[in-house]
Amino acid sequence: MEILLEIIMIPAVLAIIKIVVIVLLFALPLGTFLTLMERKWSAMIQDRVGPNRANIGNFTGHGIMHLAADGLKSIFKEDTMPKGADGFLYLIAPFFGLIAAVATFAIIPIAGPIGDFTFQVTDIEPGLLFIFAITSLSVYGAVLAGTSSNSKFALLGGTRASAQMISYEVFMGLALMGIFMVYGTTRVSGIVDGQNEYWFGSLIPMWGVFTQPLGFVLFFTALVAETKRAPFDAPEGESEIVAGYFLEYSGMRWSAFMLAEYVALVGVASLITTLFFGGYHVPWLHLWESAPQWLVTILQIIKFSVFTLFFCWFQIQLRWTVPKFRFDQTMALGWKKLLPLSLINLFVTAFVILAFA
Amino acid sequence: MELKVKQVQRVDGAKEALYLPAIFGGLRLTVSHFWRNLFGAKDVVTVSYPEEKRHVSERWRGRHRLTRLDNGFLSCVACYMCETVCPSECIHIEAGEHPDLSVEKYPVVFDIDELRCVFCGLCVEACPKDAIRMDTGVISMAYTSRHTFDFTRDLLRDSYDPKSHSNTKYEDNDLPSPKDQTEALPNSLGVPAT
Amino acid sequence: MTDMTVLQSRSEDASTGEDFSASVMSIEIGPAHPAMHGIVRLTTQLDGELIVGMEAEIGYLHRGFEKESENSKWIQVIPYTDRLNYVSPLLCNIGYSMAVEKLYGIEAPRRAEFTRVIMGEISRITDHLTCLGAVAMEIGAFTFFLWFIKAREYLWELVEEMTGARLTTNWTRFGGNAFDLPDGFLSDLSDRLAKLKEVLTECDKLLTRNKIFIDRVKDVGAISKEDALSYGFTGPMLRACGIPFDVRRADSYSVYDELDFEIPVGSTGDCFDRFLVRMEEIRQSISIIEQAADKMPEGPFMTDERMMHYPDKKDVYGNIEGLIDHFKLVMEGHQPPAGEIYMPTEGGNGEIGFYLVSDGSGDPVRVRMRPPCFNFVAAMPAMTVGHYVADIVPIFGSVNMIGGELDR
Amino acid sequence: MSEEISTQETETPPEACELTTMLEQEFPGAVTGFHSHRGDETVIIERSALESVCRFLRDDSRCSFEIMMDLTAVDRLEMNETPRFEMVYHFKSLTHARRLRLKVRLAEDDCKIASIHHLWKAVDWYERECFDMFGIVFEGHPDLRRILMYDEFEGHPLRKDYPIDKQQPLVELKEVEERHVYGRHA
């Protein structure tokens, strides 16, 4: 038993366990679940019923069986490759996006530390810079898929994806600069703890959304654009370039793209929660000083999950509300409107900090 | 009435240029629909087809049926009106002398190829004897082989309640193929089975 | 367009010796493509994402409507007309029947005309709902589309109540209609219109002022008045250019001159104007329906001319003259007097004109239908060149190409 | 009055309508017949005068027919009329709110007519369709090929001597390189 505990406490093993718990028990199931929920929720928005036909022995579970059906279907479907495709790149491309999406969770804390033990895979010093690095990688999946498919539509999708990534990467960083300046660190745990401060005694928590409202809007926009979801889904552009970069894919590789999209959706939601909504910190919980540690942790996990789920829902709701931009409008918006705005945000933040702090 | 022209308004001002007001306005609408349907599906207009069926209007032109007189004989006198008026040429009639002298003429063969039929209802209007009707309420015919759609006279004959008709699920085996219909059905003279 | 000037300067460079032709990519939009509502092929030349050339190829849904009609009886053409514009079948029914009535030189009774106005406007609304919904869906507003389809469903149930079918209506006859109003139809109608108005208000809020939507449709696919006329545009496409040409007013057929409505016109003829014009037309159609329902006169729904319609069933059963008329009418068909006419009516997309030639026999010599969207698709290259590939979607959507009508 | 409507009842007396008179004055000898059945004003003109008449109809301020509504042909084989084909042009004037039907008769062995594609842009496709359906050759049309039927289709389906139930063999799909090159100037 003690040996087991010792093995667990080896940092590498501990990290693996955390990865398994956070990624396999939190991110991936939630992502998979969202593939169904997107269809159900959109149905409710649109006065429809949504998927409810797949069943095992007449048990449909309001459509939950579609998850199993879809999974089985994509596993057993033929994995096609177009004539003239670049074999190796074509085969590995779907997993770039998935890996990048999953890697986001490496730095996200889902609850406060208990002693030395953190509910975070790793709390590295560069912190959010890691996020920038990873999200830039995620576009390789789209670009490689687009170029290696030997299809004109896919090529257009791939180029759109890369163009869009470049436009949004820049001001995504700039939008977060304000956060770094306000909380004085790039380390995620530092930012989360910084948001546990309060204004006016214990009245308003110093959440990122209150200290950096404009930064929040900009960062959220940038993240949505990075994950290529509506209204920024020109790379997929299902009505004009059919499905964009993953047009030629089928079976499980196609599912990998889908899964990557939904895991990235969860990633966006958890990043927003972490950076702008106090992360795992339950507001005003410090007033209850005698709270037992285990209860606090549970409350923190619940708070984090609820906020994450809310932002997942919000993104889905957004998708079914707005039309989509044309790709050149996406870029014009990024470069001509949002980049100057984020610069202004940066200067104003710097001025306020200099003047008042 | 004089010609009135209305210039449509192209609203594209400063408020629109902010993007967010319209997006939040839209979100308010979609969220309200979402919440109303989340508990109890209040606005849902979808019909879950096999379990619940749409109300079909009285005038609905569904599958044909051949009506019968009070004495059980077919009303059809094989006058070829429906065959003539049919734009898709899906009706095939062969007339014959009936052994019962009270029946002047009757259809020995009355086939409707439901796959050719365009459900225009012109045959119903053209019939001088009110012998063919399309009021069965059968809105879908889904069988797995082509010959099942060749409805012969005895299948078209109105021998059952049309209301129960719409719920009957036909299997291929339930319907005789056109080739052996004379053997399959004893009453090939168009007289009632009982 | 500025994009085009850039392009031209580049192609001028090309003439100096450098070959830029390799940079033009040919891409097939269609025949099977999500944005192609029917089946049509747009062979598009792209420079990057910019469209530099386009060739439309049609005919994938050609069923030989005209040939079939020439080999049918006059009445047997009515079911074919259902399948011309299959999102507004009643308008084609009405157009054809009015054309044959013109050939006969008679008019349908007033009640029939008012009913036709109601049903025709319902069909116009379904046509516009489908078109606008499809435009919105293809530029990403899926919810808008489904709400519109929901509204269309309300109307199609009315159509079913009246005609006995949702799509293949086959409802008009020469000199009247196959059926009169069913019981309770008018109250159903006002219920449905109220629901429709609700949906319209909601959808208007959802999309019309959304800047993303405006960006996508504004100044996209604009066509000048002169070009539009030269291309033979009619209907909402022409009105979006600012020309108030509406056959309902210009030729004032049926009872439209007793009904008060406005003709919405745009100014620039771009997709935004087409969208707004169609939205406004839906509202005007609702008002027309309400007026027509108020003014609905009593009386017969079928002309009492002999040999125009089947005699009443009671005459057929009990009256030798009725029976003979009935037999002659079925066996020999309607026999309009010899002559030729062109009857324009306002369809969902524009002027539906039937050009009929009769030699006095039971078979038409020529049944020609002028398809409004034929001209629109012919003008696709003119509307798209210089825009981006993503603009094909709203442009082609606002064209409202209906395969059945285009290819006949 | 032309001969084929002698059998039909006409409401309007056979005196010429305004447009017909105008055309007769402007193009002496070109107008061979006219009638106005059910209020549809129809003018039958000589084939050679078509282009100039159409240009006049479009450009003259007394006519200004902005919209070329429809272009089609009628095969009068079964009506036992000669010449066999009749080209039918429908025009609409918004300025003067009126319509006009123009007809040109074409013999079977010489069914050629001048193209008027340069006058109205809509004519381009209409003439292609008419060529496709009736085999009428429009001289001067830049791109006269089939539009509704496929290139390998034999015959012209709307001619009355084309049997309605005639079947044509399926055409084998050609290799991509051999397919028709699209683009007018390619």
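Quick rundown of the values:
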{"quantity": "Axial C-alpha extent at least 18 Å, average Kyte-Doolittle at least -1.0 - helices from chain C (DSSP)", "calculated": "C:2-15, C:89-104, C:110-138, C:142-163, C:185-203, C:271-295"}
{"quantity": "Region A:216-280 versus region D:38-53: alpha-carbon centroid distance in Å", "calculated": "63 Å"}
{"quantity": "Within 10 Å of each Cβ in A:46-59, the average number of Cβ atoms from other chains", "calculated": "4"}
{"quantity": "Calculated FRET value between C:ASP315 and D:LYS166, using beta carbons and R₀ = 51 Å, to 0.05", "calculated": "0.75"}
{"quantity": "Rounded if a/c under 1.5, otherwise prolate or oblate - region A:202-284, Cα gyration tensor axes", "calculated": "oblate"}
{"quantity": "Chain C - mean residue ellipticity at 222 nm from DSSP helices (-39,500 (n - 2.57) per run, n ≥ 4, rounded to 500)", "calculated": "-15500 deg cm²/dmol"}
{"quantity": "Isotropic mean projected area of the C-alpha convex hull, chain A (nm²)", "calculated": "21.5 nm²"}
{"quantity": "Within-9-Å neighbourhood charge of C:ILE29 [Cβ basis; K, R +1; D, E -1]", "calculated": "-1"}
{"quantity": "Geometric extent, Cα atoms of region D:38-96 - Rg, Dmax (angstrom)", "calculated": "13.2, 40"}
{"quantity": "Base-10 log of normalised Debye intensity for region C:107-151 (one unit scatterer per alpha-carbon) at q = 0.16, 0.20, 0.32 Å⁻¹", "calculated": "-0.50, -0.61, -0.99"}
{"quantity": "Relative contact order %, region D:7-139, counting alpha carbon pairs below 8 Å whose residues are six or more apart", "calculated": "20 percent"}
{"quantity": "Computed accessible area, D:MET87, all protein chains, 1.4 angstrom probe, square angstrom", "calculated": "0 Å²"}
{"quantity": "Three-way shape call for region C:260-396 based on the alpha-carbon gyration tensor, with the a/c threshold at 1.5", "calculated": "oblate"}
{"quantity": "For region C:207-263 versus region A:94-129, the gap between their alpha-carbon centres in whole angstrom", "calculated": "56 Å"}
{"quantity": "For region A:225-325, convex hull volume per residue from C-alpha positions, Å³", "calculated": "107 Å³"}
{"quantity": "Length released on extending from C:ASN71 to C:ASP260, taking residue separation times 0.36 nm less the Cα-Cα span", "calculated": "64.0 nm"}
{"quantity": "Probe 1.4 Å, all protein chains present, accessible-area order of A:LYS324, B:LYS53, C:LYS102, C:LYS218, largest first", "calculated": "B:LYS53, C:LYS218, C:LYS102, A:LYS324"}
{"quantity": "Region C:189-338: proportion of alpha-carbon pairs further apart than 20 angstrom, %", "calculated": "66 percent"}
{"quantity": "Links that overshoot a 26 Å alpha carbon limit, given the list C:LYS102/C:LYS150; B:LYS53/C:LYS150; A:LYS40/C:LYS205; B:LYS6/C:LYS102; C:LYS195/C:LYS295", "calculated": "C:LYS102/C:LYS150; B:LYS6/C:LYS102"}
{"quantity": "Normalised contact order of chain A, rounded percent, pairs of Cα under 8 Å and 6 or more residues apart", "calculated": "23 percent"}
{"quantity": "Solvent-accessible area of C:ILE149 with every protein chain in place, 1.4 Å probe, in Å² to the nearest 10", "calculated": "40 Å²"}
{"quantity": "Partner chain coverage, peptide C:276-282 - average Cβ within 10 angstrom", "calculated": "2"}
{"quantity": "Size descriptor, Kirkwood hydrodynamic radius, that averages inverse alpha-carbon separations across region A:135-231, Å", "calculated": "15.3 Å"}
{"quantity": "Solvent exposure ordering (accessible area, 1.4 Å, most first) of D:ARG38, C:ARG368, B:ARG146", "calculated": "B:ARG146, D:ARG38, C:ARG368"}
{"quantity": "Overall form of region D:7-139 per C-alpha gyration tensor (a/c, 1.5; a/b vs b/c)", "calculated": "oblate"}
{"quantity": "Per-residue SASA entry for C:GLU198, accessible area with 1.4 Å probe, Å² rounded to 10", "calculated": "130 Å²"}
{"quantity": "Exceeding the 23 Å Cα-Cα cut-off - candidates A:LYS336/C:LYS211; B:LYS105/C:LYS314; D:LYS121/D:LYS160; A:LYS303/A:LYS337; A:LYS336/C:LYS225", "calculated": "D:LYS121/D:LYS160; A:LYS303/A:LYS337; A:LYS336/C:LYS225"}
{"quantity": "Bridge type composition, the protein assembly as shown - antiparallel percent by DSSP, nearest 5", "calculated": "85 percent"}
{"quantity": "Base-10 log of normalised Debye intensity for chain C (one unit scatterer per alpha-carbon) at q = 0.08, 0.09 Å⁻¹", "calculated": "-0.46, -0.57"}
{"quantity": "Hull volume in cubic angstrom per residue (convex hull over the Cα atoms of region C:323-402)", "calculated": "119 Å³"}
{"quantity": "Taking all pairs of distinct alpha-carbon atoms in the protein assembly as shown, Kirkwood radius in angstrom", "calculated": "33.6 Å"}
{"quantity": "Inter-chain Cβ neighbour average for residues D:61-72, partner chain, 10 Å", "calculated": "5"}
{"quantity": "Largest to smallest accessible area among A:SER342, A:SER255 [probe 1.4 Å]", "calculated": "A:SER255, A:SER342"}
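The values are calculated or read from the model by the stated rules, or taken from the named source; none is laboratory data. If you're wondering where the values come from, they're calculated on a predicted model, not measured in any experiment. Positions of Cβ are backbone-derived with ideal geometry, glycine not excepted, and every protein chain shown enters the neighbour counts. Side chains are part of the model used for accessible areas, which takes the heavy atoms of the whole protein and leaves out ligands, DNA and RNA. Shrake-Rupley method; radii C 1.70, N 1.55, O 1.52, S 1.80 Å.
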